[in-house]
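Data block below; observations after.
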Amino acid sequence: MTESTIVKVGMADLNVASGGAVLKTTGLGSCVGVTLFDPAVKAAGMAHIMLPSSEIAREGQLNIAKYADTALPELIRRMKSIGADPKRLVAKMAGGAQMFAFAGGSDSMRIGPRNVESTKLALESFGIPLLAEDTGANYGRTVEIDSGTGIFTIRSVQFGVKEI
Amino acid sequence: MSLFQNDADFKMDVLREVGNIGAGNAATAMSRLLNKPVDMAVPTVSLLPFEEISERVGGSEAIVVAIFLRVDGDAPGNMFFIISKDSARRILQGLLSFEAGEEDEYTEMELSALCEIGNILAGSYLSSLGDLTGLYMSPSVPSIAVDMAGAILSYGLLQFGTMGDDALLIDTTFLEGNQEAEGHFFLIPDPESFEKLFRSLGVPVE
């Protein structure tokens with residue numbers, strides 16, 4: 001077996017891969033790692049989403065990979081560019097944890113669950129089925145998707161490695 | 001950030017001094033707690049891409065012990081006291097004479113003790129900062145996590161997230177005894193807080 005190439009996806013970043021390359025993003029806390037996979041052409045895409053909606057953006061140059069509502073359309077566009085058919089796409093996601101517990105807590109404290117909700121809404125709006133997820137709770141995750149098989153691997157400090 | 005267009009170097013110096021005074025007090029408090037000398041490096045102030053911030057503490061996947069406090073008041077922000085697992089053990093043993101637990105897990109008691117240490121240090125950091133600036137700054141109840149540095153720190157970057165892809169942080173490294181890089185104090189003021197900090201210190205803000 002040959003070592004598969006790893007394509008790193010940074011924070012507030014997205015990328016696509018095919019031919020068995022692995023997309024990886026590390027240290028997801030309240031952020032969400034969402035992946036798309038087209039089994040027919042063996043292509044995968046991953047976005048590391050940090051915030052739920054671009055409506056709250058105050059930046060000049062919008063980083064579309066950062067927000068759930070803007071990252072998904074871009075990820076689909078990039079998937080198409082490497083030969084994927086949007087109708088065949090299936091999604092998996094992980095992250096959206098609440099790293100620190102506070103009594104009460106402002107809106108920003110719930111950012112993890114909100115990221116998960118808006119990512120799901122965005123997937124729904126494109127009619128992409130969500131096959132599996134590992135979201136919420138209070139721990140960090142590192143995730144990978146294999147563009148050859150669509151296997152989504154999650155690593156965490158407490159629970160080790162699991163596949164969905 | 002537009003606030004740093006003029007006199008950027010001078011403003012960075014001012015923030016460095018803010019970190020110096022705050023962390024200096026925290027180091028003194030820590031030294032009293034541990035009853036041994038605690039030194040600190042000159043704080044660094046930098047505008048870093050999100051990705052590089054966790055590099056400061058060993059990378060996004062490095063497992064760290066982090067005590068997080070939200071700073072409320074006139075100049076809100078986020079504060080982290082971050083130590084390696086080894087340092088956390090040493091602090092617990094030195095301070096509380098806890099049995100050297102070899103296992104990876106921390107007991108509730110140990111976590112609570114570490115949380116309280118973070119609380120005391122952050123309190124002394126903020127109170128000296130309050131004295132200096134005349135601003136009201138109050139820490140929230142501290143919260144602790146033992147997890148990947150990236151997952152933890154991203155939580156403190158949300159306020160910056162809506163503005164761009166970098167955050168400005170004041171980072172002070174603690175050195176306990178001869179062992180370097182014992183711990184980090186990160187103060188990440190909310191983007192809106194810088195103007196208040198500068199005004200209170202008499203730095204001209206256009």
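The values are calculated or read from the model by the stated rules, or taken from the named source; none is laboratory data. As the structure is a prediction and not an experimental result, all values here were calculated from the model. Reconstructed Cβ throughout: ideal geometry from the backbone, glycine too, with neighbour counts over all protein chains shown. These accessible areas exclude ligands, DNA and RNA; they are computed on the full protein's heavy atoms, side chains included. Shrake-Rupley method; radii C 1.70, N 1.55, O 1.52, S 1.80 Å.
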Notebook entry, point to check: Only one of B:Ile67, B:Ile82 is closer than 17 Å to B:Ala167 by Cβ and within 14 Å of chain A (Cβ to nearest Cβ); which?
Noted result: B:Ile82
Check: Does at least one position in region B:84-97 carry a residue that is open to solvent by less than 20 Å² (accessible area, probe 1.4 Å) and under 19 Å from B:Phe198 (Cβ atoms)?
Finding: no
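Any chance region A:111-121 includes a residue that's part of a loop (DSSP other than H, G, I, E, B) and either buried (at least 18 other Cβ atoms within 10 Å of the Cβ) or more than 11 Å from chain B (Cβ to nearest Cβ) (or both)?
First, pick out the residues of region A:111-121 that are part of a loop (DSSP other than H, G, I, E, B): none.
No, because not a single residue in region A:111-121 is part of a loop (DSSP other than H, G, I, E, B) and either buried (at least 18 other Cβ atoms within 10 Å of the Cβ) or more than 11 Å from chain B (Cβ to nearest Cβ) (or both).
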Item checked: Boolean, B:Met163 is more than 12 Å from every other protein chain (Cβ to nearest Cβ), among the aliphatic types (A, V, I, L, M) and farther than 30 Å from A:Gly160 by Cα -> no
Margin query: As an exercise: evaluate A:Ala17 against (1) more than 16 Å from A:Thr142 (Cα to Cα); (2) within 14 Å of chain B (Cβ to nearest Cβ) and give the number of the one condition it does not meet.
Written below: (2)
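Is region A:96-110 home to any residue that is within 18 Å of A:Leu14 (Cβ to Cβ), part of a loop (DSSP other than H, G, I, E, B) and open to solvent by 30 Å² or more (accessible area, probe 1.4 Å)?
As a first pass, look at region A:96-110 and keep what is within 18 Å of A:Leu14 (Cβ to Cβ): A:96.
Subsequent filtering for residues that are part of a loop (DSSP other than H, G, I, E, B) retains A:96.
From what's left, open to solvent by 30 Å² or more (accessible area, probe 1.4 Å): none.
Scanning region A:96-110 turns up no residue that is within 18 Å of A:Leu14 (Cβ to Cβ), part of a loop (DSSP other than H, G, I, E, B) and open to solvent by 30 Å² or more (accessible area, probe 1.4 Å).
Just to be sure, is B:Ser46 under 23 Å from B:Asp165 (Cα atoms) and touching a strand residue (DSSP E or B) at 6+ places or on another chain (Cβ under 8 Å)?
Working: under 23 Å from B:Asp165 (Cα atoms): yes; touching a strand residue (DSSP E or B) at 6+ places or on another chain (Cβ under 8 Å): yes.
Criteria met by B:Ser46.
Tell me yes or no: at least one residue of region B:56-72 is outside any strand (DSSP E or B), under 30 Å from A:Leu28 (Cβ atoms), aliphatic (A, V, I, L, M) and touching a residue at least 60 places away in the same chain (Cβ under 8 Å).
Of all residues in region B:56-72, those outside any strand (DSSP E or B) come to B:56-62.
From the residues that got through so far, the ones that are under 30 Å from A:Leu28 (Cβ atoms) too are B:56-62.
Next cut, aliphatic (A, V, I, L, M) only: B:57, B:62.
Narrowing further to those that are touching a residue at least 60 places away in the same chain (Cβ under 8 Å): B:57, B:62.
Yes, some residue in region B:56-72 is outside any strand (DSSP E or B), under 30 Å from A:Leu28 (Cβ atoms), aliphatic (A, V, I, L, M) and touching a residue at least 60 places away in the same chain (Cβ under 8 Å).
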Check: Is it the case that region B:24-33 has a residue that's open to solvent by 20 Å² or more (accessible area, probe 1.4 Å), within 14 Å of chain A (Cβ to nearest Cβ), under 13 Å from the mean Cα position of the chain (by Cα) and closer than 20 Å to B:Asp171 by Cα?
Finding: no
Notebook entry, point to check: Here are some conditions: (1) among the aliphatic types (A, V, I, L, M); (2) touching a residue at least 60 places away in the same chain (Cβ under 8 Å); (3) at the interface with chain B (Cβ under 10 Å from one of its Cβ atoms). A:Ala65 meets all but one. Which one does it not meet?
Noted result: (2)
